[in-house]
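The next block holds one structure in the form of structure tokens; read it before the comments.
Laboratory data are not the source of any read-out in this text; all were calculated from the coordinates shown. Just so you know, these numbers come straight off a predicted model, no measurement behind them. Because the Cβ atoms are built from the backbone with ideal geometry, glycine has one as well, and the counts that use them run over all protein chains shown.
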Amino acid sequence: MEKYIKELEELDKKHFLHPTSPIQQQQADGPGFIFTKGEGVFLEDIKGNRVIDGMSSLWNVNIGHGRDEIGKAAMEQMSKLAFNSCFSTYSNEPAIRLAAKLAEIAPGDLTATFFTSGGSESNDTAYKLARHYWILKGQPEKKKIITRSRSYHGVAMGATSATGLKPFRDFTNSLAPDFYYVDHFSTSALRELIEQEGADTIAAFVAEPVQGAGGVHIAPEHYFKEVREICDQYGILWITDEVITGFGRTGTYFGIEHYDVAPDMMCFAKGVTSGYAQLGGVMISEKMHQDFKELSTGTLLHGYTYSGHAMACSVALKNLEIMERENLIENAKQMGVEMLAGFKQLQSKHGIIGNVRALGLMGAIEIVKDRQTNERFASPLAPLIVSEAAKRGVVVRAVVFDGQDTIVFAPPLIINQEEMEQMMKVLSETILAVENTIKQGMRG
Ligand code: PLP
């Protein structure tokens, strides 16, 4: 067995260029975990280590791992018809049924869906559809996209250009034009930028209902109501990026429901299939759909090979059925309260925990040197805590962009009380160990 694992580790180093990865560390240490199995909130690796997947992997395995029922749905659809083109007027039943289901559950009057294979494609699609919409409406100069600091929208060229986290944009040195950034919580900054650039040059404003990869930032209560008013006032389309917040993550079907407003367009991916198949999409309002139908006389020249993938759509339908049958959104809401209570307990035990926050099962704890002044450590501690927690059986994620020192959480929506307590216990032990190391360092 050891030889077998060694072989895989060497092959990984030699041939697998990992996404979003520390390449030198991967070369030095090899893969941290080679996962072989998933069951509920747990992942198991090739060496038999069992860890709680405190991030639902990439904020996406909402219904938890190892669901046979999904496997059966995928197999049935694959054996019947895995894929057909949905270009032109071709269609298939799972895509039709899923689009109809999404219209039923989506906020406001979002009624029509354009399918993609993931979140980045969804964002690029939303920006292109928004710009195309204004071309059809006779206002082709409306093409600028406004986005927010600390936002993450993916790694396709448009999605990267829209991402407020600068290191992602700096990865490449030529971005898509016409993207503008405003402070993530300031509606006055949004208004000022619109005034400065001119509303007649702006196509859309894009926002995650809760910013995820940027460090789980929850907008103030009135922020999105004001965003809606501003977009209406200036005739700008509002796109919500629900790639993380969609499908129960925050304790409601969609994150924007907390703010009691609805967008004109919505990007989704991840939780729509809980990661069992690659699927995303963009929903547009009935009004936009109507305008498209009336004004688009030629071909809608935007489509991915896998738009409307039959197998992926059947997986999504089964995933949503499970989510509803098992009341997982309500569980996310209740366990989110428990998670926040757990964070507060950690805070009371450990001086290095500053601000804590959560909305449903999307949460964060900040690491500080001094809670009173919010002073940070010279180099962030979150990465060390995260790697130590993984060794002790909990996988979470560190966010250090923009001078942050934060640990983020997004456990599967099926998590129960016992598993939540286990997650907090491991974290507390890990933080205590790190605190002791710091103290020893100070003494030594
Ligand atoms: N939008 C948001 C809010 C995301 O969090 C992500 C991925 O984490 C994306 C878009 C990109 O999605 P994908 O990685 O599926 O392309």
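When Rg is the radius of gyration of the Cα atoms in region 236-276 and Rh is its Kirkwood radius, what does Rg/Rh come to?
Working: Rg = 10.3 Å, Rh = 10.4 Å.
For region 236-276, the value is 0.99.
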Using all Cα-Cα distances in region 3-121, what percent lands in each 10 angstrom bin from 0 up to the longest? 10, 25, 32, 22, 11, 0
Treating the beta-carbon of each Lys and Arg as +1 and of each Asp and Glu as -1, no other charges, what is the dipole magnitude of region 68-325 about its Cα centre, to the nearest 20 debye? 560 debye
So between Phe83 and His302, what do we pick up on full extension, going 0.36 nm a residue minus the alpha carbon distance? 77.0 nm
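Order the peptides 349-362, 86-99, 17-30, 294-307 from the highest to the lowest mean number of other Cβ atoms within 10 Å of their residues. Don't jump to the answer; show the numbers that get you there.
Numbers: 349-362: 20.5, 86-99: 16.2, 17-30: 10.4, 294-307: 12.5.
Ranked by mean Cβ neighbours within 10 Å, highest first: 349-362, 86-99, 294-307, 17-30.
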Using the alpha-carbon centroid of each, what span in Å lies between region 149-209 and region 323-341? 32 Å
Take each of the peptides 109-116, 224-231, average the number of other beta-carbon atoms within 10 Å over its residues, and list them starting from the highest. 109-116, 224-231
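How high is the relative contact order of region 68-325, in percent, with contacts defined as C-alpha pairs under 8 Å that are six or more residues apart? Write out the running numbers ahead of the final one.
Details: 497 pairs, mean separation 77.3, N = 258.
Value for region 68-325: 30 percent.
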Potential extension, Asn173-Lys101 segment - 0.36 nm per residue separation minus Cα distance: 21.8 nm
Only Cα pairs under 8 Å and at least 6 apart count here; give the relative contact order of region 186-332 as a rounded whole percent. 20 percent
Just grab the label-to-label distance for Ser387 and Lys166, each label 7 Å out from Cα along the Cβ direction, in nm (one decimal). 2.6 nm
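Rounded to two decimals, what ratio of Rg to Rh does region 68-325 give with C-alpha atoms and a Kirkwood Rh?
Values: Rg = 17.7 Å, Rh = 18.5 Å.
Across region 68-325, the Cα-based Rg/Rh ratio is 0.96.
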Label-point separation (nm) for Asp68 and Gln417, each offset 7 Å from Cα along Cα-to-Cβ? 2.9 nm
Region 155-285: equivalent-ellipsoid semi-axes (sqrt of 5 x gyration tensor eigenvalues, Cα, Å): 23, 20, 14
Helical contribution to [θ] at 222 nm, DSSP H n ≥ 4, -39,500 (n - 2.57), averaged over the chain, rounded to 500: -13500 deg cm²/dmol
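Please report Rg over Rh for region 265-394, where both radii come from the alpha carbon positions and Rh follows the Kirkwood definition.
Radius of gyration over Kirkwood radius for region 265-394 works out to 1.14.
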Provide, in order from the shortest bin, the percent of all Cα-Cα pairs of region 76-176 in each 5 Å bin, continuing until the bin that contains the maximum pair distance. 2, 11, 15, 17, 18, 16, 11, 8, 3, 0
Of the chymotrypsin sites (Phe, Trp or Tyr not before Pro) in region 1-75, those whose Cβ has at most 13 other Cβ within 10 Å and which sit in DSSP loop: Phe16
How many nm is it between the label spots at Glu192 and Lys287, if each spot is 7 Å from the Cα in line with the beta carbon? 2.9 nm
Nearest 10, in degrees from 0 to 90: the angle of helix 2-15 to the longest Cα principal axis of the chain is 40 degrees
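Output the relative contact order of the chain, whole-number percent, from Cα pairs under 8 angstrom with separation of 6+ residues. Numbers along the way, then the final one.
Details: 869 pairs, mean separation 88.6, N = 444.
Result for the chain is 20 percent.
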Using the Cα atoms of the chain, I'd like the radius of gyration and the largest Cα-Cα distance, Dmax, both in angstrom. 22.2, 75
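Rounded to the nearest whole Å³, what is the per residue volume of the convex hull around the Cα atoms of region 343-444?
Residue-normalised Cα hull volume stands at 103 Å³.
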Gain on full stretching of the segment that runs from Asp232 to Gln27 - 0.36 nm per residue minus C-alpha separation: 68.7 nm
